[in-house]
1. For a label point 7 Å from the Cα of Glu152 along Cα→C-beta, name the residues of the range 70-100 whose backbone N is under 17 Å from it.
2. Among Ser111, Ala160, Asn72, which residue has its Cα positioned farthest towards the positive end of the charge dipole of the chain, with +1 placed on the Cβ of Lys and Arg, -1 on the Cβ of Asp and Glu, and the dipole taken about the Cα centre?
3. Arranged from highest to lowest average of other beta-carbon atoms within 10 Å per residue, in what order do the peptides 113-125, 154-166 appear?
4. Highest mean first, how do 86-94, 21-29 rank when packing is the count of other Cβ atoms within 10 Å averaged over residues?
5. Label Gln4 and Gln118 with points 7 Å out from Cα along Cα→Cβ: what is the distance between them in nm?
6. Can you work out ³J(HN,Hα) from phi for every residue in the range 18-27, in order, using Karplus 6.51 cos²θ - 1.76 cosθ + 1.60 and θ = phi - 60°, giving whole Hz and x for Gly and Pro?
7. Using amide H atoms built in the peptide plane, which far-off residues or other-chain residues are under 5 Å from Val3 H to H?
8. Amide H of Met117: which non-local residues (sequence gap of 5 or more, or other chain) have their own amide H closer than 5 Å, using H built in the peptide plane?
Amino acid sequence: MTVQPIRLFGDPVLRTPADPVVDFDAELRRLVADLTDTMREQNGAGLAAPQLGVSLRVFTFDVDDVLGHLINPVLEFPDEEEQDGPEGCLSIPGLYFDTKRRQNVVAKGFSSFGDPMQIVGTGLMARCVQHETDHLDGVLFLDRLDPERRKEAMKAIRQAEWYDAAAPPTVKLSPHLSDPFGLGR
Ligand code: NI
């Protein structure tokens, strides 16, 4: 188990849709351990495999003293309720912006041993699960911001000391066909 370097905004791996996990083997469990250790060392609420440069559909979470992971997640939204509050990302360090998310989510997937698992999340846990699943689709929370907030966020990123102007990042629209936030995107 090792703490690994986290890929920062502008790294193409963060914009690459991740592949489904096929082999539930020791290597996968090492990945989950690395994600867990790195997330905890950074006091993060969640971490997705692409953030460690591994393009697989795996994320870990540590929310309200519940520590876990989910493989090949599929999200379902039991209702239309929304939340709006500050969100950040370990790949966009030090910056937080109000982001609209669904308030309730049911995430179905698998454990690292291939057993079916389900997370029923509300509030912060629901926000975390949506944020991390987005990472697996190459989507960042910036893409979910209202246009005004996104403009503000991009300005803050360009001024951040970690920002690499040689590897300019991109903001893209969500690949999801549905429009769960009613933003017309
Ligand atoms: Ni993130």
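Computed from the coordinates by the stated procedures, all read-outs in this text should not be read as laboratory data. Here the structure is a predicted model, which is why all the values come from computation and not from measurement. Using ideal geometry, Cβ is built from the backbone for each residue, glycine included, and neighbour counts are taken over all protein chains shown.
1. Label zone hits: 84-89, 94-100.
2. Looking along the dipole axis, the top candidate is Ala160.
3. In decreasing order of mean packing, 113-125, 154-166 become 113-125, 154-166.
4. Packing proxy ranking, top to bottom: 86-94, 21-29.
5. So the label points at Gln4 and Gln118 sit 3.0 nm apart.
6. Values per residue, Gly and Pro as x: 7, 7, x, 6, 10, 9, 8, 10, 5, 5 Hz.
7. none
8. Long-range HN contacts for Met117: Gly109, Phe110, Ser111.
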